[in-house]
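The values are calculated or read from the model by the stated rules, or taken from the named source; none is laboratory data. Just so it is clear, the structure is predicted and the values come from calculations on it, not from any experiment. Quick reminder, even Gly has a Cβ in these numbers, built from the backbone with ideal geometry, and neighbours come from all protein chains shown. When the accessible area is computed, the model is the full protein with side chains, heavy atoms only, and any ligands, DNA or RNA have been set aside. Shrake-Rupley method; radii C 1.70, N 1.55, O 1.52, S 1.80 Å.
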Amino acid sequence: MDAEREARWRSWMVAAQAGEGAAYEKLLAELIPYLRRFVGRRVLNFAVAEDVVQNILISMHRGRASYRAEHRFTPWLHAIARNAIIDQARNETRRSRREVSLEAEGVAEPSTPAVEPSSPRLSPELDGALNALPAAQREAVELIHLHGFSVAEAAQRVGATQAALKVRAHRGYRAMRAHIEALRFEEEGG
């Protein structure tokens with residue numbers, strides 16, 4: 001059975017290298033469940049294993065010209081798969097060094113109370129610049145930067161498109177910057 005599979009995969013890969021899309025589709029259709037089993041025995045998290053399988057398929061696609069028809073196909077595929085699994089493990093190790101789990105026990109409570117998003121505190125200079133904006137621009141800046149809404153959420157709240165809200169916010173930033181620069185110019189005796 002393995003010899004038959006090897007011969008079939010090899011012939012499909014050679015045909016795919018020659019530009020036969022149907023052969024490549026057949027190859028991928030058989031490889032996906034095979035790779036899921038191969039990776040699943042080595043990577044226990046299902047979602048991560050699926051990502052690894054996708055990375056293998058991408059690497060295989062990009063490197064398909066490197067396959068030599070005189071060699072067996074399965075060892076070539078396994079080398080790609082092992083490299084993808086190793087890359088995933090390295091990435092996970094790097095990530096675990098940088099990140100701290102939110103479920104960590106013994107994390108101390110913050111010593112100062114969190115600032116409520118509904119009551120942001122601004123410097124008098126920024127507050128004055130914000131209040132000098134037209135209502136639509138002020139609302140856009142407040143929702144996105146003071147209350148932390150995404151552009152999509154803010155647009156939905158005000159009944160505008162995302163593009164329109166971005167324009168309002170950008171115009172607001174420019175106007176605030178100009179307002180603050182004018183104040184500083186006046187303070188410097190300009």
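Points to keep in mind about this one:
- Test: residue in the stretch 56-71 that is touching a residue at least 12 places away in the same chain (Cβ under 8 Å), outside any helix (DSSP H, G or I) and among the hydroxyl-bearing types (Ser, Thr, Tyr): yes
- So ARG10, is it part of a helix (DSSP H, G or I), under 27 Å from THR93 (Cβ atoms) and open to solvent by 80 Å² or more (accessible area, probe 1.4 Å): no
- The criterion of being acidic (Asp, Glu) and open to solvent by 90 Å² or more (accessible area, probe 1.4 Å) does not hold for ASP87.
- Filtered residues of the stretch 13-29 (kept if over 19 Å from ALA79 (Cα atoms) and open to solvent by less than 30 Å² (accessible area, probe 1.4 Å)): ALA15, ALA16, ALA23
- All positions within the stretch 30-54 that are closer than 20 Å to ALA69 by Cα and either of a type in the set (A, V, I, L, M, F, W, C) or surrounded by 15 or more Cβ atoms within 10 Å (Cβ to Cβ) (or both): LEU31
- The set of residues in the stretch 62-84 that are open to solvent by less than 80 Å² (accessible area, probe 1.4 Å) and within 23 Å of the chain's Cα centre (by Cα) comprises ALA81, ALA84.
- Residue selected from the stretch 72-83 under the condition touching a residue at least 40 places away in the same chain (Cβ under 8 Å) and in a helix (DSSP H, G or I), by the criterion nearest to ALA18 (Cα to Cα): PHE73
- Residues that are open to solvent by less than 50 Å² (accessible area, probe 1.4 Å) and either of a type in the set (Phe, Trp, Tyr) or part of a helix (DSSP H, G or I) (or both) within the stretch 147-178 comprise VAL151, ALA152, ALA154, ALA155, VAL158, ALA164, LEU165, ALA169, GLY172, ALA175, MET176, listed in sequence order.
- Just one residue in the set GLU181, GLU139, GLU186 is open to solvent by 60 Å² or more (accessible area, probe 1.4 Å) and in contact (Cβ under 8 Å) with a residue 24 or more places away in the chain; that residue is GLU139.
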